[in-house]
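A.B. asks: Once you've had a glance at the structure underneath, I'll fire off some questions.
Just so it is clear, none of the values below were taken in a lab; they were calculated from the coordinates. Remember, it's a predicted structure, so these values are computed and weren't measured experimentally. In this analysis, Cβ positions are derived from the backbone assuming ideal geometry, glycine residues included, and neighbour counts consider all displayed protein chains.
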């Protein structure tokens, strides 16, 4: 009988973007503009979720945040074939790293999961940085989640990750 896992997904305001993107919605948003807040989050993830966890971040913050992680983490890449194009930004920001740790081990008879995903951004969600369902399913696959496992979404935002996990556990994939 397999053991039920308890894992976490964290999508905090990206380093240096908290006040600008979330300041009007959350009084504590500016704290995420400091690398120390991300370090505390990583410590919490490693301590409270030994079964596994995943953390979204920006490509520009990877150099600052990765050294704060335990040495056994891996980095996945979410490549966005359709991404927001910002005037005067070239090359554009067309990918985001996902740091992940732990998860369920798989054997050779199981489907291989890649450490990268190509899917477009979520549109018209009402929240900057909301993730699409395909992204969520990929993170669940990275961690080897199965029905009955527990996913704690530390930054639920629009609730998209939680809804996607219910669909994932029910075998519904979009």
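A.B. asks: What residues of the stretch 71-93 lie in the reach of a label at residue 134, counting those whose backbone N is under 12 Å from a point 7 Å from the Cα along Cα→Cβ?
C.D. replies: 79-83
A.B. asks: How big is Rg to Rh over the stretch 50-99, alpha-carbon atoms, Rh as the Kirkwood inverse-mean-distance radius? Don't jump to the answer; show the numbers that get you there.
C.D. replies: Numbers: Rg = 12.9 Å, Rh = 12.3 Å.
Taking Rg over the Kirkwood Rh, I get 1.05.
A.B. asks: How far apart, in nm, are the 7 Å Cα→Cβ label points at residue 75 and residue 40?
C.D. replies: Taking the simple label geometry, residue 75 and residue 40 are separated by 2.5 nm.
A.B. asks: If each of residue 95 and residue 120 carries a label point 7 Å out from its Cα toward its Cβ, how far apart are those two points in nm?
C.D. replies: Placing both labels 7 Å along Cα→Cβ, they lie 2.1 nm apart.
A.B. asks: Suppose we keep just the alpha-carbon trace of the stretch 130-170; what are its Rg and Dmax in angstrom?
C.D. replies: 9.3, 25
A.B. asks: Sticking with this one: Please compute, for the alpha-carbon atoms of the chain, the extent along each of the three principal axes and give them in descending order in Å.
C.D. replies: That works out to 52, 32, 28 Å along the principal axes.
A.B. asks: Evaluate the distance, in nm, between pseudo-label points positioned 7 Å from the Cα of residue 172 and of residue 107 along their respective Cα→Cβ axes.
C.D. replies: Output for this residue pair reads 3.2 nm.
A.B. asks: Quote the FRET efficiency, to the nearest 0.05, computed for residue 6 versus residue 66 with a Förster distance R0 of 22 Å and r equal to the Cβ-Cβ distance.
C.D. replies: On the way: r = 24 Å, r/R0 = 1.10.
In this case the efficiency is close to 0.35.
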